[in-house]
């Protein structure tokens, strides 16, 4: 009687790929070979910008966080030591150029810009009572600086044939908010800027898009009376605030390599309030 000897079959080897199964943003198509995917987040000290910077770092991007609020940046860096922080005044062209030059020197060319810089200005006043100095101040940060920031990163992106620009607008820019003339005007202008720029660079590999959130649950919103929050969410069909992680995830997709066939567009993040 003979006994067959047992044989062992080696497990099949899976060929390595440059795109991980979870990589829905296709970041692996840009990072194979060791090149980091560098995202500059302006307005990263708080709110949506801070959440976006943290989220992008968590999924493997190399993040530069830029803001004039240094205390906020330092606390972000304490939570996420891999994030590099830079002082940037979005109203000052020299500060913008110097800060982005430092990012390029430290981290390499900027692949994506996320612009969350903005202020609301005076609110709860009708248009005929809006101080012109307040109107000018809001438009300077919310609109003029968006063009300045874009102008600072675009030459490098165009030279490399790749780039992602995202400017955070607002539902107020689509629908207008009563008592917020300066803010609504600035965000409507930002949406128009994005439409124009998207067409300017449509054949270059550089996309330019916007994101229009409704009210997002930030620490500032959480501190408001419940009646105020209820009023703010009454126009939202989902009847709730957006969450910071929802905004961050949406931003990460828009500035990813996978979002390559959309430009000049304003993405909705309003719980169904705006569907156009």
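What the table shows:
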| quantity | calculated |
| --- | --- |
| From the options 190, 244, residue that is in contact with a helix residue (DSSP H, G or I) (Cβ under 7 Å, 6 or more places away or on another chain) and closer than 23 Å to residue 130 by Cα | 190 |
| Qualifying residue in the stretch 233-242 (condition: in contact with a strand residue (DSSP E or B) (Cβ under 9 Å, 6 or more places away or on another chain), within 22 Å of residue 41 (Cβ to Cβ) and touching a residue at least 24 places away in the same chain (Cβ under 8 Å)) | yes |
| Total residues in the stretch 110-162, condition out of contact with any strand residue (DSSP E or B) (no Cβ under 8 Å at 6 or more places or on another chain), closer than 23 Å to residue 65 by Cβ and not in a helix (DSSP H, G or I) | 2 |
| In the stretch 213-235, the residues that are outside any helix (DSSP H, G or I) and in contact with a helix residue (DSSP H, G or I) (Cβ under 7 Å, 6 or more places away or on another chain) | 213, 214, 215, 216, 217, 218 |
| Extreme residue, surrounded by the fewest Cβ atoms within 10 Å (Cβ to Cβ), among residues of the stretch 128-148 that are over 13 Å from residue 181 (Cβ atoms) and in contact with a helix residue (DSSP H, G or I) (Cβ under 6 Å, 6 or more places away or on another chain) | 148 |
| One residue from 171, 83, 96 being within 16 Å of the chain's Cα centre (by Cα), surrounded by 14 or more Cβ atoms within 10 Å (Cβ to Cβ) and either closer than 11 Å to residue 66 by Cβ or free of Cβ contacts under 8 Å to residues at least 12 places away in the same chain (or both) | 83 |
| Any chance residue 197 is surrounded by fewer than 19 Cβ atoms within 10 Å (Cβ to Cβ) and touching a helix residue (DSSP H, G or I) at 6+ places or on another chain (Cβ under 9 Å) | no |
| From the options 181, 207, 233, 185, residue that is at pLDDT below 95 and surrounded by 15 or more Cβ atoms within 10 Å (Cβ to Cβ) | 233 |
| Only one of 12, 78 that is modelled with pLDDT under 95, over 24 Å from residue 170 (Cβ atoms) and loosely packed, with under 13 Cβ neighbours inside 10 Å | 12 |
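The values are calculated or read from the model by the stated rules, or taken from the named source; none is laboratory data. If you're wondering where the values come from, they're calculated on a predicted model, not measured in any experiment. Ideal geometry is used to build each Cβ from the backbone, glycine not excepted, and the neighbour counts take in all protein chains shown.
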